[in-house]
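A short worksheet on the structure shown next.
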Amino acid sequence: MQPSQADRDPPVPRTRPSSIVWLVLMNLIWAIGYPMTTVALHEGMPPSLLAVVRLVGAFLMLWPQLRGLHHLSGKLWGFSAAMGVTGFTLPMWLQIRGIGGTDAAIGAISVALEPLLTVLLAAQITGQRVHRGQQVALGLAILGSWILTGAPRPGHLTHISADLALILAVICYAIYNIYSPRLTQAIAVGPAAALSYGFGAMGAVGLWIVGGAPVPAHVTPALLTSVGFLTVFGTGIAYWLWLLVVSRESMTLSALFLFIQPLLGAFLSVFLGQTRLSLSLVIGGLLVLGAMFIGQDAPLSSRPTSD
């Protein structure tokens, strides 16, 4: 007797509820991080120094995780350094510079571009299959994000260098998203994050020195608050949560949840009274939420191996 299709196909496990909680939390933190970055830059914080403070502070938060870590090979040290530079030094500096110099349309589009690039590059680089349900979810999420952010259509490119910086930052983040699970397959999440922050901080310090080591003219309460949030939550906690989730769930699912950043940012603006609840916000929000629901199931073979 020939086995049925159900017998031949591997079981499709449901996403862990805790993973959904962490994905929502980290994306909420990152959504708040965009206006916080604008505040820090407006208060006179140099972009290169902001990257240094964020990464050095995040490393100091997690450096105790490196105690007792003596078994790393030279290859793993090198890979950690590459992940630190590719995932933190370059994109953080580029993104901060881009946010401060581009227009809202390009900034909104870049939010949706990161998860899209992550899914597409992961399919090409790792051979990870994007299944039909996830393809539908990806399309809904892109459409919903575009509606949520006001259906942006860039006009004349008057901020070419800043626009390019933002796009390059997105590419770097996508590459980090794809390859970072390899760190958590070799070592625990805490040490993996600490190594990435540490090497990222070294690179950021180098860029800061090469750029003339600028410092803010004045230190204000708004500057301290915004930099503190970006360091502790936007870097130290949020990226640790990312590594935790991608060590347990599929890359496609994790990337899909990045689309909720504009949704969370939009509802936060409504809650704070900065914008009004509109039909486009409701429609875009429903599309994004629908995409998250559809994209939750992932075949067993697409899940990374955790420790």
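Does segment 158-176 contain at least one residue that is assigned to a helix (DSSP H, G or I), open to solvent by 50 Å² or more (accessible area, probe 1.4 Å), modelled with pLDDT under 80 and hydroxyl-bearing (Ser, Thr, Tyr)?
Yes, segment 158-176 contains a residue that is assigned to a helix (DSSP H, G or I), open to solvent by 50 Å² or more (accessible area, probe 1.4 Å), modelled with pLDDT under 80 and hydroxyl-bearing (Ser, Thr, Tyr).
Can you go through Ala81, Ala123, Ala105 and tell me which one is open to solvent by 20 Å² or more (accessible area, probe 1.4 Å) and at pLDDT 85 or above?
The match here is Ala81.
For segment 177-189, give me each residue that is assigned to a helix (DSSP H, G or I) and either closer than 16 Å to Phe88 by Cα or open to solvent by 10 Å² or more (accessible area, probe 1.4 Å) (or both).
Asn177, Ile178, Tyr179, Pro181, Arg182, Leu183, Gln185, Ala186, Val189
Which fully enclosed helices (runs of 4 or more DSSP H) of segment 212-286 have 1 or more residues being open to solvent by 20 Å² or more (accessible area, probe 1.4 Å) and at pLDDT 80 or above?
It comes to 221-231, 238-246.
If you check every pair at least six apart or on different chains, which have Cβ atoms under 7 Å apart with a residue in segment 72-88 that is on the phi < 0 side of the Ramachandran plot first and a residue that is not β-branched (Val, Ile, Thr) and not in a helix (DSSP H, G or I) second?
Filtered contacts from segment 72-88: Met83/Ser180; Gly87/Ser180.
The values are calculated or read from the model by the stated rules, or taken from the named source; none is laboratory data. If you're wondering where the values come from, they're calculated on a predicted model, not measured in any experiment. As a convention, Cβ positions derive from the backbone with ideal geometry for all residues, glycine included, and neighbour counts pool all protein chains shown. Just the protein is used for accessible areas: all its heavy atoms, side chains included, with ligands, DNA and RNA removed. Shrake-Rupley method; radii C 1.70, N 1.55, O 1.52, S 1.80 Å.
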